[in-house]
Amino acid sequence: MCWNLLQKQKAVVSTQSTGGRGAVTQTNWETSATLYKVNRKRKIEDCSGSNGYGSSHSAPTSDTDDTATSGSTPTNNVPLCPPSTGSLSQPGSYDGLTRIKNIQQIEMGKARMVPWYFSPYPQELCHLPVIYICEFCLKYLKSKNCLARHRMKCKLFHPPGNEIYRKQNISVFEIDGRKNKSYAQNLCLIAKLFLDHKTLYYDTDPFLFYVMTEFDQHGLHMVGYFSKEKESSEDYNVACILTLPCHQKKGYGRLLIEFSYLL
């Protein structure tokens, strides 16, 4: 609207020029500029409201308020919870209790790891400085002596299930969450220590788990895994994926993703 008015003023000024091609007088230009500024000011006031500021901002009352308004995020946009970055995160869903890390350390084989997030292990284990986990069956125990006694009984030296891939010292085992429920549940508890928004703990029947292992003279040790639904309505190739922190930055995560597309 304002631009059209300015164009009309220019047209009027042009017709007032000498012979149609003369120079425009200084007075006509000043009049046009003044009209343009007045109309532009009216338009801004009509759009912004009576206080001259938008509906989402209030007028600054001091130099401090002005700086806060122009240089920082308004307080009504500040999130009330940590940002959700997991694949299973739901906007607005936040449970503060599940953000509190309840396990200090876990030990699997030669690796001792510091968990990142909450995991629903039994309450009697949460006060211990270290939880010991059998690296083959993934059973959790409260002391090193208990782990030693367990290893005398445990006959596993690799994950249960079928070995579906092997190259050099890397193998992948397919594990049915219904047939190997105890192993699958323990695997989910470990994964929850390092995945913020993992929601599956105990209902493992609808899922298949693909565990990647690394071979040495003591057996096949888990380095990571991914899971997928047996029947996915969205045809997803991965439901959850994890590489253990002690084996990260070795290319295992990329290999797991590539393997998931081949199934």
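The values are calculated or read from the model by the stated rules, or taken from the named source; none is laboratory data. All values derive from a computational prediction rather than experimental measurement. Positions of Cβ are generated from backbone atoms using ideal geometry, with glycine treated the same way; all protein chains shown enter the neighbour counts. These area figures cover heavy atoms from the full protein model, side chains too; ligands, DNA and RNA do not enter into them. Shrake-Rupley method; radii C 1.70, N 1.55, O 1.52, S 1.80 Å.
Here is how the numbers come out for the structure above:
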quantity	calculated
Any hit, the range 210-221, residues being under 18 Å from His197 (Cβ atoms) and open to solvent by less than 30 Å² (accessible area, probe 1.4 Å)	no
Residues located in the range 165-185, provided they are open to solvent by 20 Å² or more (accessible area, probe 1.4 Å) and either of a type in the set (S, T, N, Q) or free of Cβ contacts under 8 Å to residues at least 24 places away in the same chain (or both)	Arg166, Lys167, Gln168, Asn169, Lys179, Asn180, Ser182, Gln185
Tyr252 being among the aromatic types (Phe, Trp, Tyr) and in contact with a Gly (Cβ under 6 Å, 6 or more places away or on another chain)	yes
Residues located in the range 151-164, provided they are more than 17 Å from Leu187 (Cβ to Cβ) and open to solvent by less than 70 Å² (accessible area, probe 1.4 Å)	Arg151
Looking only at the range 238-263, and only at residues there that are outside any helix (DSSP H, G or I) and open to solvent by 40 Å² or more (accessible area, probe 1.4 Å), the one that is nearest to Phe194 (Cα to Cα)	Ile241
Within the range 103-118, tally of residues that are surrounded by 15 or more Cβ atoms within 10 Å (Cβ to Cβ) and assigned to a loop (DSSP other than H, G, I, E, B)	5
Condition met for His218 (within 21 Å of the chain's Cα centre (by Cα) and in contact (Cβ under 8 Å) with a residue 40 or more places away in the chain)	no
